[in-house]
1. Restricting to the range 67-84, count the residues that are within 7 Å of the ligand (Cβ to nearest atom), of a type in the set (S, T, N, Q) and within 20 Å of A137 (Cβ to Cβ).
2. Which of the residues belonging to the range 327-347 are farther than 30 Å from W286 by Cβ and assigned to a loop (DSSP other than H, G, I, E, B)?
3. Taking D225 as the residue in question, decide whether it is in contact with a His (Cβ under 9 Å, 6 or more places away or on another chain), surrounded by 14 or more Cβ atoms within 10 Å (Cβ to Cβ) and farther than 15 Å from G41 by Cβ.
4. Which one of these does A226 not meet: (1) farther than 24 Å from L323 by Cα; (2) at pLDDT 95 or above; (3) not hydroxyl-bearing (S, T, Y)?
5. Inspect the range 247-268 for any residue being within 11 Å of the ligand (Cβ to nearest atom), of a type in the set (D, E) and part of a loop (DSSP other than H, G, I, E, B) and give the result as yes or no.
6. Going by the structure shown, is P385 away from the ligand (no atom under 15 Å from the Cβ) and at pLDDT 95 or above?
7. Out of all the residues in the range 156-173, is one or more over 20 Å from V319 (Cβ atoms) and aliphatic (A, V, I, L, M)?
8. Pick from V357, V337, V377, V424: which is β-branched (V, I, T) and in contact with a helix residue (DSSP H, G or I) (Cβ under 6 Å, 6 or more places away or on another chain)?
Amino acid sequence: MGSSQQRVRVRVQYVTTTATSTPNEKGKPYMQTRDDILIVGGGVVGAACAYYLTGRGAKVTVIDKGEVGHGCSYGNGGLIVPSHSFPLPMPGAIFQGFRWLFDPTGPFYIKPRWSWQMVRWLLRFARCSTQKQMHHAVDTLTTLSLRGRALYDEIGESVTDQMHLKKYGGLYPCRTTKGLDHAVFEMETLRPYGVEGRLLDKHEVLEIEPAITTSVIGGTYFEGDAHAEPLSVVQTLLRLAEEQGARVEPKTELIDWELSNRRIDAVRTTRGTFRAGQFVLAGGSWSPQLARPLGLNVPIQAGKGYGVTIETFDPLPKVPVLLNEVKVGVTPRENSVRLAGTMEFGGLDESITERRVRAIVHGARQFFNIPEEPRVVEIWRGLRPCTPDGLPIIGRHHRWENLTLAAGHAMLGLTLATATGHLVADLIGGDTPCVDPRPFRPQRFC
Ligand SMILES: Cc1cc2nc3c(=O)[nH]c(=O)nc-3n(C[C@H](O)[C@H](O)[C@H](O)COP(=O)(O)OP(=O)(O)OC[C@H]3O[C@@H](n4cnc5c(N)ncnc54)[C@H](O)[C@@H]3O)c2cc1C
């Protein structure tokens, strides 16, 4: 048999231990590429890519159209939650979503508008809402989220202190049998993939979080979850990247790409032209429009959500709480509490619908002693970058030799950012990927 006909099986070993690959570790192989790298997007994903790439000696520039970290990574729930490793498309999601559509205060909404991209996205979403796809997505997301969670620990305590990272776990209290059944179903689904939860009776729920005032019947608790200040995470990662040599350019908006054959040569921005040998597109919900001039169809739809930060109340929650029955997350902060929720599909529209903000506060009030008119510190909205199969898009695109995509992290951007940054550095640097990159490859949508 001629050598061209021989099939060589290459077994790739993915690094799943937590010990080996912190960027500054002595003996870490440096990047095989000597190219300058330009990262478009200074959200948590772009920041993590910058951190891990500079950690391996790469010369990196990060550009952002606004202040870094002021996109979707600014006012989110701050939860680092392997326990939430579920995709948006789940069995029954279409039916449930359809029912919520007619509730003006419901947690899910699709703004009626004609968009061919949205129709295609919804059709793909419907195809992915199966039992089989859910298990594939949970398997993939837990691998990335557990790796991401471990990487936060590996960065070191003095750094995670600056991110205000706290390891108090994540609590899912329930008031109804249906809610508790669902919480148990989620816990049992996650267990085979290494995410360990505990079933609690009502006394145990109140022991962990005495601030819950309503009558709960039980809940689940995930000790491995953590929470942090999302903006501090971005700022800390970028500061570390700068200390490792990165340049960070805020208020620098990409206008267009300069291309030759199958390569990108430069980007033209509102602050001049930036040349580089490698490009990383980490533009969150803006990635589809940024990729369009490259002839790429990146199927991401923006899922708007709100973060409502209110002044502390009495008794104050100490542990992050996910109220699945009302679809609201409650995160304790230094001098306030953040309530986060809703998923509205309406393109890149960033307007605020006050009745949905009120519905979030109302949902949380069913569990906590939140006053009728709480003192609002800030109302924020962010656009979650959602893919139709519920998995982020991470990897090189076959169409362009020197482009890597890192976007589409939906409800889990903070949770998955560190592992994404590490994986991007592995792929560009030619190292063994820290997780199997195949489920994330951009080509799955071609
Ligand atoms: C209400 C809410 C609660 C959430 N809670 C959590 C949570 O508790 N835990 C969790 O893990 N995730 C959570 N998420 C999800 C998380 O916020 C996102 O997945 C994450 O922020 C996405 O990060 P990103 O870097 O991909 O996008 P972004 O943070 O949006 O960054 C993209 C960047 O690209 C920049 N950009 C866009 N266009 C251009 C251009 N032309 N030129 C240059 N730059 C450009 C933008 O300015 C932006 O800064 C939540 C989201 C919402 C909305």
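1. So the count comes out to 0.
2. Once the filter is applied, which keeps residues that are farther than 30 Å from W286 by Cβ and assigned to a loop (DSSP other than H, G, I, E, B), the range 327-347 yields E334, N335.
3. Yes, satisfied.
4. Condition (1) is where A226 drops out.
5. Taking every residue of the range 247-268 in turn, at least one turns out to be within 11 Å of the ligand (Cβ to nearest atom), of a type in the set (D, E) and part of a loop (DSSP other than H, G, I, E, B).
6. For P385, the condition - away from the ligand (no atom under 15 Å from the Cβ) and at pLDDT 95 or above - is not met.
7. Scanning the range 156-173 turns up at least one residue that is over 20 Å from V319 (Cβ atoms) and aliphatic (A, V, I, L, M).
8. The unique qualifying residue is V424.
The values are calculated or read from the model by the stated rules, or taken from the named source; none is laboratory data. Please read these numbers as outputs of a predicted model, since none were measured by experiment. For neighbour counting, all protein chains shown are included, and Cβ atoms are generated from backbone atoms with ideal geometry for every residue, glycine included.
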